[in-house]
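Where a number appears in this text, it was derived from the coordinates with a stated rule and is not lab data. In this text, all values refer to a predicted model and were calculated from it rather than measured experimentally. Virtual Cβ from ideal backbone geometry, glycine too; neighbours counted across all protein chains shown.
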Amino acid sequence: MTTAPTPVVEAAASEAAAPAAATPAAAAAHAPLPAPPSVHVRAVITWLAIFPLVAVGMLLIAPIAESWHPVLRAFVLTLVVVPLAVYLVVPQLMRAYGALRRRRAPRSGDGA
């Protein structure tokens, strides 16, 4: 008993037969990725995120944490600062750095 091919199988077969870079979007999808920033750049970006958060955090918790043990103060401060830095501030700084790098990168055909 034979069955007719399903539309999904036919679509997959036609996509496999089509050239990979048939459209500009497909060509862009296969463009080489830019090199990630060096460990030194990542360290500076991380410091630029952490320092202001810690400085502001210390000022904000100072009135209520005056009598706390220093380890408890550090624990509470890092409990807030680390997630803020990792999930919000560092990604924004990395995007800004990437945009700056792309803007400064020599373009092909510019004679550089």
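Things worth noting here:
- Packing order of peptides 47-57, 32-42, highest average first: 47-57, 32-42 (average count of other Cβ atoms within 10 Å over each peptide's residues).
- The label-point distance for Glu66 and Thr78, in a model that sets each label 7 Å from Cα toward Cβ, rounds to 2.6 nm.
- Compared with the direct C-alpha span, the chain from Val39 to Val54 gains 3.2 nm at full extension, assuming 0.36 nm per residue.
- Extension gain, Ala96 back to Trp47 (0.36 nm per residue minus Cα-Cα distance, nm): 16.1 nm
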